[in-house]
Amino acid sequence: MSDDHQLRVSKIKSGTVIDHVVGGQALNVLAILGIDGKEGEEVSVGINVPSDRLARKDIVKVEGRELSQDEVDVLSLIAPDATINIVRDYDVVEKHRVDSPDVVEDVLSCPNPDCITAAGEPVTSRFEVLEDGVRCSYCGTIVRESIADLIDT
Ligand code: CTP
Ligand code: ZN
């Protein structure tokens, strides 16, 4: 495919491009980052677009906002191969990978109905990140698959 046929999501002027997201996870990326468009953020999303590196990838472009490393690290739960590009005046000025955090707070909800976090108590959810999953700090429940299903929306 020639380049002039390839641009699917326009370049941004300044902000953050989250690239190489596992195909189909872009909406979870937005949920984790708390981006719902209600604050007027300018966001472009590509879902299941062709990619060299992955068979299919998602891409999220947030105009006017430079996401910090802490903000993007929680994305490693659902998009471990994501590349974060900070764009200023149309140029990529920083490119880095997401790094698995030790703990994620206020991002996932515990699936255990008996967990104190499920009882309507004012407790912030907290999960320790394991090599192959996450563990609720309150009740010890371990989740290894479909972590995206635990995302608070
Ligand atoms: N990008 C953008 N707006 C810009 C500059 C870049 O939306 N003003 C996007 C590109 O479309 C690409 C990503 O940011 O999806 C990274 O840009 P770049 O580093 O130029 O592309 P690649 O070299 O292909 O990146 P990689 O090696 O990480 O695949
Ligand atoms: Zn729990």
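Some values worked out for this structure:
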read-out: Qualifying positions in the range 51-81 - buried (at least 18 other Cβ atoms within 10 Å of the Cβ) and among the charged types (D, E, K, R); value: LYS57, ASP58, LYS61, ASP73
read-out: Strands (runs of 3 or more DSSP E) contained entirely in the range 1-104, each with at least 1 residues that are closer than 24 Å to GLY133 by Cα; value: 15-22, 56-63, 83-88, 91-97
read-out: Tally of residues being loosely packed, with under 14 Cβ neighbours inside 10 Å and touching a residue at least 60 places away in the same chain (Cβ under 8 Å) across the range 5-50; value: 2
read-out: Flag for VAL107 being within 12 Å of ligand 2 (Cβ to nearest atom) and hydrophobic (A, V, I, L, M, F, W, C); value: no
read-out: Residue within the range 35-54 that is within 16 Å of ligand 2 (Cβ to nearest atom) and out of contact with any helix residue (DSSP H, G or I) (no Cβ under 8 Å at 6 or more places or on another chain) present; value: no
read-out: Scope the range 130-144; condition more than 9 Å from ligand 2 (Cβ to nearest atom) and touching a helix residue (DSSP H, G or I) at 6+ places or on another chain (Cβ under 9 Å); matching residues; value: GLY133, VAL134, VAL143
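Rundown of residues vs (1) closer than 22 Å to ASP149 by Cβ; (2) among the polar types (S, T, N, Q); (3) out of contact with any Leu (no Cβ under 6 Å at 6 or more places or on another chain), yes/no style:
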{"site": "GLY40", "(1), (2), (3)": "no, no, yes"}
{"site": "SER68", "(1), (2), (3)": "no, yes, yes"}
{"site": "GLU71", "(1), (2), (3)": "yes, no, yes"}
{"site": "SER76", "(1), (2), (3)": "yes, yes, yes"}
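Residue-by-condition table, conditions (1) at pLDDT 95 or above; (2) over 30 Å from LYS13 (Cα atoms); (3) more than 16 Å from ligand 1 (Cβ to nearest atom):
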position: VAL60; (1), (2), (3): yes, no, no
position: ALA79; (1), (2), (3): no, no, no
position: ASN85; (1), (2), (3): yes, no, no
position: TYR90; (1), (2), (3): yes, no, no
position: LYS95; (1), (2), (3): yes, no, no
position: GLU121; (1), (2), (3): no, yes, yes
position: TYR138; (1), (2), (3): yes, yes, yes
position: THR141; (1), (2), (3): yes, yes, yes
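The values are calculated or read from the model by the stated rules, or taken from the named source; none is laboratory data. These numbers were taken from a predicted model, which means no experiment stands behind them. Virtual Cβ from ideal backbone geometry, glycine too; neighbours counted across all protein chains shown.
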